[in-house]
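Worksheet: one structure, shown below.
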Amino acid sequence: MLSVEQIVLREIRLPLVEPFQISSGTTTERRILLVEVIDRSGASAWGECVGGEMPNYSPETIDVAWLMIPEWIAPRVLGRKFGAARDVHAVLDYDFRGHNMSKAAIEMAMWALEAELRSMPLSKLLGGTREKIPTGISLGIQKDPAAIAAKALAAHKQGYRKIKVKIKPGKDVEYIRAVCEALGPEGHVMADANNAYTLADLPVMKALDELGLVMIEQPLAWDDVVQHAKLQRELRTPVCLDESITGVAQAQNMIELDSGRIVNIKAGRVGGFAESIAIHDLCQKHGVPVWCGGMLESGIGRAHNVALASLPNFSLPGDVSPSARYWTRDIVTPEWTMDSEGFVRVPLDKPGLGVTVDRARIEELCVRTESVTKKGV
Ligand code: OSB
Ligand code: MG
């Protein structure tokens, strides 16, 4: 039985080792909202809200999450008895639209707490079967084709098993072509547009289609599944949806309409692990591969992602790069590492997240904190 008495929110600031540019904006420093859920016995577990600094990926931001969690989400969880973390999703979703990233931060912390209390690795609690995760890198937009080709080649040599390159109009075909030429046929290159195109850009999409990419991620509008179906009909390259898939219903629509043939699952975007597993299972039933996306998470969010990516239908490399790709120093020990073959190991030797949360480091980086308990207690 799970019953949480206190939820603590903390905002930390973590500068990225290099700026990360996508079609809709650049991030240089992450403002990360961490949540800690604490039960009666004092057992605690962590979650991370993936809401961005700006509303350029989704309407959610860290500041909106900081309002939503104490006011609307924590009260549904505090003092309530859950048989299992699996039951939290329905409670958070009942007559409560959207705010998936805020809900997910708490829902995922509840799974971590259950794993902790049952002394099992989070991966096992979720139904994971993999012991190591094939890893991809997501490279931000660079100043010219030579610069992105050099970055991609360095990543390929480090062992990364999938190289994702961000694109935007004017920085697309020539950039991707340079990467493909640098890496050769074993490059496993893909492009992610973060909604920067419309169907009027079909010639650009057709040119990308000639390059033999593993997939093209979310080229069209962030909430669309209809125009993507028209595009997919014109392309041999599989379209992968990210932003558009906010839950299992949209995944169902994607499959019915053939608007994409691969799903990037980010647990934050879909409201947590229960919904991620539902999408995973639906896709598996329909022969649609999935992979685990990333949102420039700290070592805590990364632990959640690695656990999720251990499920069997996560058959393509995930954006679960090691700590050093993002930070000079992470907030967990040991830090996340990748071997020279491009695998991140699933920590199966420790319960819960499988890494130790560095509280002292979090205190150092913390710029605000709020503790929420059940009203009247
Ligand atoms: O579209 O996948 C995306 C980061 C921020 C917002 C959107 C995206 C991303 C990434 C980062 O691609 C992947 C990572 O965490 O390494
Ligand atoms: Mg994406």
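The values are calculated or read from the model by the stated rules, or taken from the named source; none is laboratory data. Everything quoted here is computed from the prediction, not taken from an experiment. Cβ atoms come from the backbone with ideal geometry, glycine included; neighbour counts cover every protein chain shown. Ligands, DNA and RNA are excluded from the accessible area calculation, which covers all protein heavy atoms including side chains. Shrake-Rupley method; radii C 1.70, N 1.55, O 1.52, S 1.80 Å.
Given the conditions (1) touching a helix residue (DSSP H, G or I) at 6+ places or on another chain (Cβ under 9 Å); (2) away from ligand 1 (no atom under 16 Å from the Cβ); (3) closer than 26 Å to residue 26 by Cα, which single one is not true for residue 211?
(3)
Mind checking which pairs have a first residue in the stretch 281-307 that is more than 16 Å from residue 218 (Cα to Cα) and a second that is of a type in the set (Phe, Trp, Tyr) and away from ligand 2 (no atom under 13 Å from the Cβ), Cβ under 7 Å, 6 or more apart or different chains?
296/326; 299/336; 300/46; 302/336
Condition test on residue 31, is it basic (Lys, Arg), away from ligand 1 (no atom under 16 Å from the Cβ) and not in a loop (DSSP other than H, G, I, E, B)?
Answer is no for this residue.
When you check residue 232 against the structure, is it part of a helix (DSSP H, G or I) and open to solvent by less than 10 Å² (accessible area, probe 1.4 Å), yes or no?
Considered against the rule, which asks whether it is part of a helix (DSSP H, G or I) and open to solvent by less than 10 Å² (accessible area, probe 1.4 Å), residue 232 comes out as yes.
Checking residue 100 against (1) within 16 Å of ligand 2 (Cβ to nearest atom); (2) open to solvent by 10 Å² or more (accessible area, probe 1.4 Å); (3) in contact with a Phe, Trp or Tyr (Cβ under 7 Å, 6 or more places away or on another chain): exactly one of these is not met. Which one?
If we test residue 100 against (1) within 16 Å of ligand 2 (Cβ to nearest atom); (2) open to solvent by 10 Å² or more (accessible area, probe 1.4 Å); (3) in contact with a Phe, Trp or Tyr (Cβ under 7 Å, 6 or more places away or on another chain), just (3) comes out false.
For the list (1) out of contact with any Gly (no Cβ under 6 Å at 6 or more places or on another chain); (2) within 16 Å of ligand 2 (Cβ to nearest atom); (3) not polar (S, T, N, Q), I need the number of the one condition that residue 50 fails.
Answer for residue 50: the failing condition is (1).
Could you say whether any residue in the stretch 252-269 is open to solvent by 20 Å² or more (accessible area, probe 1.4 Å), part of a loop (DSSP other than H, G, I, E, B), over 30 Å from residue 358 (Cα atoms) and free of Cβ contacts under 8 Å to residues at least 60 places away in the same chain? Give the derivation first.
Within the stretch 252-269, the first condition is being open to solvent by 20 Å² or more (accessible area, probe 1.4 Å), and the residues that meet it are 252-253, 255-258, 261.
Applying the additional criterion that residues be part of a loop (DSSP other than H, G, I, E, B) yields 258, 261.
Right, trim to over 30 Å from residue 358 (Cα atoms) and you get 258, 261.
Cutting the leftovers down to free of Cβ contacts under 8 Å to residues at least 60 places away in the same chain gives us 258, 261.
For the stretch 252-269, residues open to solvent by 20 Å² or more (accessible area, probe 1.4 Å), part of a loop (DSSP other than H, G, I, E, B), over 30 Å from residue 358 (Cα atoms) and free of Cβ contacts under 8 Å to residues at least 60 places away in the same chain: present.
Does residue 216 fit the bill of being touching a helix residue (DSSP H, G or I) at 6+ places or on another chain (Cβ under 9 Å) and more than 14 Å from ligand 2 (Cβ to nearest atom)?
no
Under 7 Å between Cβ atoms, which residue pairs at least 6 apart in sequence (or on different chains) link something in the stretch 178-198 that is of a type in the set (Val, Ile, Thr) with a partner that is part of a strand (DSSP E or B)?
179/163; 179/165; 179/189; 189/163; 189/165
Looking at (1) at pLDDT 95 or above; (2) assigned to a loop (DSSP other than H, G, I, E, B); (3) open to solvent by less than 20 Å² (accessible area, probe 1.4 Å), can you tell me which one residue 214 breaks?
Unmet condition: (3).
Please work out if residue 336 is closer than 24 Å to residue 114 by Cα, within 19 Å of the chain's Cα centre (by Cα), open to solvent by less than 40 Å² (accessible area, probe 1.4 Å) and within 12 Å of ligand 1 (Cβ to nearest atom). Walk me through how you get there before you give the answer.
On the way: closer than 24 Å to residue 114 by Cα: yes; within 19 Å of the chain's Cα centre (by Cα): yes; open to solvent by less than 40 Å² (accessible area, probe 1.4 Å): yes; within 12 Å of ligand 1 (Cβ to nearest atom): yes.
Judged against the criteria, residue 336 is a match.
Name every residue in the stretch 56-78 that is in contact with a strand residue (DSSP E or B) (Cβ under 7 Å, 6 or more places away or on another chain) and either within 16 Å of ligand 1 (Cβ to nearest atom) or more than 25 Å from residue 26 (Cβ to Cβ) (or both), in order of residue number.
Answer for the stretch 56-78, where residues must be in contact with a strand residue (DSSP E or B) (Cβ under 7 Å, 6 or more places away or on another chain) and either within 16 Å of ligand 1 (Cβ to nearest atom) or more than 25 Å from residue 26 (Cβ to Cβ) (or both): 56, 61, 62, 65, 69, 70, 74, 77, 78.
Identify the residue in the stretch 273-296 that is under 26 Å from residue 21 (Cα atoms) and open to solvent by less than 10 Å² (accessible area, probe 1.4 Å) and, among all such residues, is farthest from the chain's Cα centre (by Cα).
290
What are the pairs, 6+ residues apart or on separate chains, where a residue within the stretch 218-236 that is over 13 Å from residue 197 (Cα atoms) has its Cβ under 6 Å from a residue that is β-branched (Val, Ile, Thr) and surrounded by 18 or more Cβ atoms within 10 Å (Cβ to Cβ)?
232/239
Taking the stretch 121-151 as the region of interest, how many residues are surrounded by fewer than 16 Cβ atoms within 10 Å (Cβ to Cβ) and either farther than 30 Å from residue 170 by Cα or within 16 Å of ligand 2 (Cβ to nearest atom) (or both)? It would help to see each step written out before you state the result.
We begin by selecting, within the stretch 121-151, every residue surrounded by fewer than 16 Cβ atoms within 10 Å (Cβ to Cβ); these are 127, 129, 131, 143-144, 146-147, 150.
Within this subset, residues satisfying the condition of being either farther than 30 Å from residue 170 by Cα or within 16 Å of ligand 2 (Cβ to nearest atom) (or both) are 127, 129, 131.
Of the residues in the stretch 121-151, 3 are surrounded by fewer than 16 Cβ atoms within 10 Å (Cβ to Cβ) and either farther than 30 Å from residue 170 by Cα or within 16 Å of ligand 2 (Cβ to nearest atom) (or both).
Out of 114, 131, I need the residue that is in contact with a Leu (Cβ under 7 Å, 6 or more places away or on another chain) and either farther than 19 Å from residue 336 by Cβ or free of Cβ contacts under 8 Å to residues at least 12 places away in the same chain (or both). Which one?
Just a single option satisfies the conditions, and that option is 114.
If we only count strands (runs of 3 or more DSSP E) wholly inside the stretch 274-377, which ones have 3 or more residues that are away from ligand 2 (no atom under 16 Å from the Cβ)?
By residue number, 343-345, 366-373.
Which numbered condition trips up residue 304, out of (1) over 14 Å from residue 126 (Cβ atoms); (2) buried (at least 22 other Cβ atoms within 10 Å of the Cβ)?
(1)
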